[in-house]
Amino acid sequence: MKTNSVIVNGGKKLKGTVSVQGSKNTTLPILASSLLFKNKIILRNVPDITDVRAMLDIMSHLGTKYSFENNVLKLDNSELTNNVISDEFTNKIRASSLLLGPLLSRFGRCGVGMPGGCSIGSRPLNFHFDGFEHLGANIFVKEGIVNAEGNSINGDYTLEFPSVGATQNLVNASIYNKESVILRNIAIEPEVISMLEFLNLGGADIEFIERNTIKINGIKELKPVEYQIPPDRIEAGTLLVAAFVTKGEVTLKGIKPEEISVIIQKLEDMGAKITNTEDKVTLKYNGEILGTNIRTGVHPAFPTDMQAQFSVLMTQASTNSRITETIFSNRFRHLDELMKLNANVEVEKNIAFIQPSKLSACRVQGYDLRGSASMVIAGLVAKGSTRVNELQYLYRGYESFIEKLRFLGAEIVYV
Ligand code: EPU
C-alpha cells in the first residue's frame, strides 16, 4: 500500500523498460476547459494522481459528473451550477485558478477561492487578472474569493510575461467571445499547445498568427470530443535522471522525444548515451557523469520542473555544476535536504553551486512535488538506507513513480 514514507537502499543500477504516464500539466488545464463543453467528453491516458482527483472534487461541487477508471475519464458537464468555490477546495491545488476563465465564459460571472499548491515561491495571479481586465472583465478579490464578472470578452492583449496558467485561463475565457480575441506573448509550453489542440478538436477556432500570438474567433458551441492526453515530459525527464544517476540503462516507452530535447541535450552534455526512435528513448551510462550549467526558462529553454532532479545528478558529476532558477522565486528547498545527505551545495540568491559529493543516507523529506521526486532519486545513490518522508507531494504529480523505480531494480519499501 502507498504510504507517505519510503526507505530507499542506495546502490542499485536501474535497468529495463517502462512506459510514461499521461501529462499532469496537460490534464489539469484540459479539465478546466472541459467546463466549456455542454456535451460529453472522454479523456484517455489521464494520470491517476492526487492533483487530478482534487480538481475533479472541485468540479463535482460545480455539478460535473464523471467516471474515472483505468486512466479513462468520462466527463459530463451538461448541468453545471455557478456555485462559489471556497478556498477550502482551492487551497489544495494551484490549478484551481484555471477555473476562472471557463466559468466566467460559461456564466458571465464566477467566484473562485485563491489557489493553493506547492510552496515554490510567491505565486500571484496578477498576469491572469490583468489579462481578464484588458479583455473586458471586472475582477475583485473579497474575503479570499476571486470574483470575475463580464459578458463580453474581446480585444487584443499582450501578456507581460508568458505565464502558462494565465495563457490557459485567458484562452478558456475567450472561446465564446462575440468577435475575436488576440493574445500576444503567450506561453508555448507543450502543455499549452495540447490544450489548444483539444479545444480545436471540439470545434474552437484558435489559430497561431505569429510564433507567440494566437487569434481566437468566437464560436457558439463546442461539440463532443475524445482526446488522448499526451505523455508527461517531466515524468520522462525524472526517470531518465534516475537511470543516469544510478549508472543504469533504461528505455522509456510512449513518449515524444522532441518535447524533451532540451533535457536530452543536457543529459548528453553530462555524458549520457541517448538513442531515440519515434516514441522511445533509451539512456545508457557511458563511463562518466560530467558537471554542467543549467538556466531554467520559458519553453523551449530548460524547464524549471526538472531542476530539482538535475541537482541530484550534479552531486554525482566529476566536475562542478551550477543551476540558475529564473522562473520561481523559492525553488531550492530540496537543496537543504540534499545537504543533509552530505551534498556539497552553496546557494546565492537564485543560483545554486553544486560540487561533486559522496551522498550518505539520512532522513529527508519532500516539500513540493519535484523536490520529493529528487529526494527519492538521491536515495538511489546515497550510501545506506535513506528514509524519505512527506511523499504526499510526490503523489500530486506521479502516478506510480516508486513502483516504476522498483520495477527497474531499485530497492525501495513503503514504511
Ligand atoms: N506569475 C506571476 N503572476 C501571475 C502568474 C505567474 O508573477 O499571474 C509568476 C509565477 O509566480 C512564477 C512564474 O510567473 O514565478 C511562472 O508561472 P506560470 O504562470 O508560468 O506557471 P503556472 O501556470 O503557475 C505551470 C505548471 C508548473 C510549472 C510552470 C512553469 C501547471 C498546473 N503547473 O504553473 O508545474 O512549473 O507552469 O512551467 O501546469 C510542476 O508540475 O511541478 C509545476 C509546478
Exercise. Looking at the square roots a ≥ b ≥ c of the eigenvalues of the Cα gyration tensor of segment 218-258, which shape do they give, rounded for a/c under 1.5, prolate if a/b is larger than b/c, or oblate?
Worked result: prolate
Seminar exercise, completed: Most packed first (mean Cβ within 10 Å per residue), the peptides 238-247, 263-272 order as 238-247, 263-272
Exercise. Of all DSSP beta bridges located in the chain, what percent are antiparallel, nearest 5?
Worked result: 70
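Around ILE175, with a cut-off of 11 angstrom between Cβ atoms, what is the net charge of the other residues, counting Lys and Arg +1 and Asp and Glu -1?
With Lys, Arg at +1 and Asp, Glu at -1, the net is 0.
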Exercise. In debye to the nearest 20, how big a dipole does the chain give about its Cα centre with +1 on each Lys and Arg Cβ and -1 on each Asp and Glu Cβ?
Worked result: 1120
Exercise. So, in Å, what gap is there between the alpha-carbon centers of segment 41-73 and segment 136-208?
Worked result: 22
Exercise. How large is the dipole of segment 299-410 about the Cα centre if only Lys and Arg carry +1 and Asp and Glu carry -1, each at its Cβ, rounded to the nearest 20 debye?
Worked result: 280
Exercise. Going toward the positive end of the dipole of segment 14-100, with +1 on Lys and Arg Cβ and -1 on Asp and Glu Cβ, which of ASN91, VAL18, ILE58 do you reach last?
Worked result: VAL18
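Can you give the percent of C-alpha pairs in the chain whose distance is more than 37 Å?
Here the tail beyond 37 Å accounts for 23 percent of pairs.
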Exercise. Once you list every other residue whose beta carbon is under 13 Å from the beta carbon of SER86, what net charge do they have if Lys and Arg are +1 and Asp and Glu are -1?
Worked result: -2
For this session: Please report, in whole Å, how far the alpha carbons of segment 2-49 spread along each principal axis, starting with the longest.
Result: 52, 26, 15
Problem set entry | Nearest-20 debye value, segment 12-55 charge dipole, Cβ charges on Lys, Arg, Asp, Glu | 240
Exercise. Hey, what angle do you get for helix 233-245 against the long axis of the chain, alpha-carbon based, 0 to 90 degrees rounded to 10?
Worked result: 0
For this session: Treat segment 261-356 as a sphere of radius equal to its Kirkwood radius over Cα pairs and apply Stokes-Einstein at 25 °C in a medium of 0.890 mPa s; give the translational diffusion coefficient in µm²/s, rounded to a whole number.
Result: 177
Exercise. Cα centroids of segment 377-415 and segment 24-40: how far apart, whole angstrom?
Worked result: 30
Problem set entry | C-alpha long axis of helix 24-34 to longest principal axis of the chain, angle in ° | 10
Exercise. Helix 369-381 versus the longest principal axis of the chain: what is the Cα-based angle in degrees, 0 to 90, to the nearest 10?
Worked result: 20
Seminar exercise, completed: Taking 132-138, 372-378, 32-38 and ranking on average Cβ neighbours within 10 Å, highest first, one gets 372-378, 32-38, 132-138
Problem set entry | Long pairs among LYS349/LYS383; LYS38/LYS142; LYS12/LYS404; LYS13/LYS358, criterion Cα-Cα beyond 23 Å | LYS349/LYS383; LYS38/LYS142
For this session: For segment 284-297, just list the computed ³J(HN,Hα) in residue order, Karplus coefficients 6.51, -1.76 and 1.60, θ = phi - 60°, integers in Hz, with x standing in for Gly and Pro.
Result: 10, 5, 10, x, 7, 10, 9, x, 7, 10, 10, 10, 6, x
Seminar exercise, completed: Most packed first (mean Cβ within 10 Å per residue), the peptides 220-226, 351-357, 102-108 order as 102-108, 351-357, 220-226
Exercise. Taking square-rooted eigenvalues a ≥ b ≥ c of the alpha carbon gyration tensor, is segment 271-415 rounded, prolate or oblate, where a/c under 1.5 means rounded and, failing that, a/b exceeding b/c means prolate?
Worked result: rounded
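Since every read-out is calculated from the coordinates, none of them should be taken as a lab result. Everything numeric in this text was worked out from a predicted model, so none of it was measured. Cβ atoms come from the backbone with ideal geometry, glycine included; neighbour counts cover every protein chain shown.
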